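Scroll down for the structure; my scribbles are underneath it.
The values are calculated or read from the model by the stated rules, or taken from the named source; none is laboratory data. Note that the structure is predicted; figures quoted are calculated from it, not measured. Neighbour counts run over all protein chains shown; Cβ positions are idealised from the backbone, glycine included. Note: areas computed on protein heavy atoms with side chains; ligands, DNA, RNA excluded. Shrake-Rupley method; radii C 1.70, N 1.55, O 1.52, S 1.80 Å.
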Amino acid sequence: MEVSEWANVVITGFMGTGKSEVGLEVARRLGREFVDMDALIEQRVGMAIPEIFAKRGEGFFRQQERELCQELAERRGLVIATGGGALIPVENRRVLGKSGLLVCLTCDVREILRRLAQAEDRPLLDVADRRERIATLLAERREAYSRIPHQIDATGLTVEEVAERVIKLLKSEAAVERIAVRTPTGGYEVHLGRGLLARVGELAFQQGLRGRVALVTNPTVGDLYAPTVVVSLQKAGFEPTICQVPDGEAYKTLDTVRSLYDQFIEGGLDRYGAVLALGGGVIGDLAGFAAATYMRGVPLVQLPTTLLAMVDASIGGKVAVDHPQGKNLIGAFKQPEMVLVDPLALATLDEAEMRSGWAEVIKAGVIGSPNLFKHLEGRGDKLLLSTLAEAVRVKVAVVEEDPYERGRRAVLNLGHTFGHALEVLSGFTLRHGEAVSVGMMAATRTAVALGLCDETVEGRLAAILQRFGLPTHYEGYEPREVWEAMATDKKRRGKKLRFVLPRAIGQVVVTDEVSKATVLEVLEKLRER
Ligand SMILES: NC(=O)c1ccc[n+]([C@@H]2O[C@H](COP(=O)([O-])OP(=O)(O)OC[C@H]3O[C@@H](n4cnc5c(N)ncnc54)[C@H](O)[C@@H]3O)[C@@H](O)[C@H]2O)c1
């Protein structure tokens, strides 16, 4: 593991938890620049905070905070202590979260009161009953603080001890983890680390890539991340061309691939260049297919920016485009030279896409990692590098065993037999992750009905899906209709219906021995009325 010098460290928390002192100490130990947001605002406005509140109002102060968050998010390698309320607005959390590691310091109320007993400079505590005010403010802010991925309880700890913990966390979270993937033709590595998109050039160079490269992306992702990637490529001596395609599954077609060939030719991409796929699974599949076929194949680098693409689509070498007759009907196996997973990119992903991705992370736990599942049960939706890495390891183990999808890879379809039918019935308005979520419930219930697994598995799965905001039931269709949709799809391809069923958390079996009666019974139970 190597430690990224790149990410900012942003320390927040309620007043009195020691953000500024801890931030200063962390900066001193790391030899980094320290920014105290409150102090900087005071300096710029030319007034102390109580005076700003009194003369200009809280709204003005919050606006200063918002602007400063934007400004600091553009910089790197800082240690930042925020004001206590600065990261309460979700937008500020997102903006600063994109730039590095967010840490929230907590403290028990008694200690906060003790620490703030003499404080004269806290306008929000300018009231008769400080204890009540603190308790109210804490209650108001609890939800927002709890959204911050890393929490350190500073109760009873010295500034040095808390700083030590922040640095330890930084080392584990700002580290770059590398997971090797063996393939029939050699292998590649999945690198996971905050800030990797700013290091694409350096890592591609180390990988032996040179010269002209095509950065394939769409306007949504391109506007957000292409400039960072382009700068890093140029710094490493590459000549990048940005190749844009429209956003959406509707454009995962051969026509779009043709437009990519045109852009590759125009950009002078030859056999010694490379294609870099910057985006979600759609971009990875499109750019991957183009890279597999352009000049009989040029090197490919996957830069996944959705949670689903990070833990699933970018790994394993399957690339494809859709055909009017079906999804992913035209494709190839194209192993990447490397996959760079930068979780900071997830700060801009919308919540529904995140939920969809979480369904895949949970799926990885059910398929092959009881530890990942337990970890998700304990920590909720905090995205840790270790969570991502474990989900990646599950996928890697499966694709290594079955690189060309001849057997074991079927386990990755957990939840898909039922889920795909629901997607089809909804005319694809149901998101893939939501369909997989209900599908996993159906598979588990089927396993329970067949005596393959214990009922507790079903309960644990339902609880975790609900916790991540994913559906466990479906509505609107008769079980018979769902069965028909499942069966028709298979009949069309001349295949038997195949089910992936959990035996326990972390262990699944593949079977086609499930009767229609069992399926209908399961569907009936999962139907919401
Ligand atoms: N090749 C494989 O093994 C494999 C496996 C699973 C899925 N897939 C394919 O993946 C596709 C689905 O991928 P997906 O779920 O990533 O969807 P997607 O690629 O359509 O991305 C979802 C949306 O999020 C946007 N987006 C992406 N990253 C963003 C970011 N960081 N911030 C803000 N917006 C961002 C995209 O522009 C898009 O609008 C399907 O086509 C599916 O067939 C392939």
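Data table
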| item | result |
| --- | --- |
| Val319 vs. criteria within 25 Å of Gly186 (Cα to Cα), β-branched (Val, Ile, Thr) and within 14 Å of the ligand (Cβ to nearest atom) | yes |
| Matching entry among Ala443, Ala463, Ala504 (being at pLDDT 95 or above and closer than 23 Å to Gly326 by Cβ) | Ala443 |
| Residues of segment 324-343 that turn out to be aliphatic (A, V, I, L, M) and at pLDDT below 95, as a count | 1 |
| All positions within segment 401-440 that are basic (Lys, Arg) and touching a helix residue (DSSP H, G or I) at 6+ places or on another chain (Cβ under 7 Å) | Arg408, Arg409, Arg431 |
| Hey, Ile52 more than 34 Å from the chain's Cα centre (by Cα) and among the β-branched types (Val, Ile, Thr) or not | yes |
| Within segment 283-300, considering residues that are within 13 Å of the ligand (Cβ to nearest atom) and in contact (Cβ under 8 Å) with a residue 60 or more places away in the chain, the one farthest from Gly248 (Cα to Cα) | Ala287 |
| Residue in segment 237-251 that is touching a residue at least 60 places away in the same chain (Cβ under 8 Å) and buried (at least 17 other Cβ atoms within 10 Å of the Cβ) present | no |
| Residue match in segment 24-33 (condition: open to solvent by less than 50 Å² (accessible area, probe 1.4 Å) and of a type in the set (Asp, Glu)) | yes |
| Entirely in segment 297-409, the strands (runs of 3 or more DSSP E) that have 3 or more residues that are open to solvent by less than 30 Å² (accessible area, probe 1.4 Å) and more than 19 Å from Pro149 (Cβ to Cβ) | 300-304, 318-323, 338-341 |
| Some residue of segment 263-270 being within 14 Å of the ligand (Cβ to nearest atom) and either surrounded by 16 or more Cβ atoms within 10 Å (Cβ to Cβ) or in a helix (DSSP H, G or I) (or both) | no |
| Condition met for Leu72 (in a helix (DSSP H, G or I) and under 21 Å from Leu197 (Cβ atoms)) | yes |
| Residue within segment 409-424 that is over 22 Å from Val361 (Cβ atoms) and touching a residue at least 60 places away in the same chain (Cβ under 8 Å) present | yes |
| Count - residues of segment 173-187 that are of a type in the set (Ser, Thr, Tyr) and surrounded by 14 or more Cβ atoms within 10 Å (Cβ to Cβ) | 1 |
| Subset tally (residues that are under 15 Å from Leu450 (Cβ atoms) and part of a loop (DSSP other than H, G, I, E, B)) for segment 493-529 | 6 |
| Options Leu215, Leu278, Leu260: the member that is away from the ligand (no atom under 12 Å from the Cβ), part of a strand (DSSP E or B) and open to solvent by less than 10 Å² (accessible area, probe 1.4 Å) | Leu215 |
| Condition broken by Gly195, with the remaining ones in (1) within 16 Å of the ligand (Cβ to nearest atom); (2) on the phi < 0 side of the Ramachandran plot; (3) not charged (D, E, K, R) satisfied | (2) |
| Members of segment 444-481 that are more than 17 Å from Glu521 (Cβ to Cβ), touching a residue at least 24 places away in the same chain (Cβ under 8 Å) and in a helix (DSSP H, G or I) | Val457, Arg460, Leu461, Ala463, Ile464, Leu465, Arg467 |
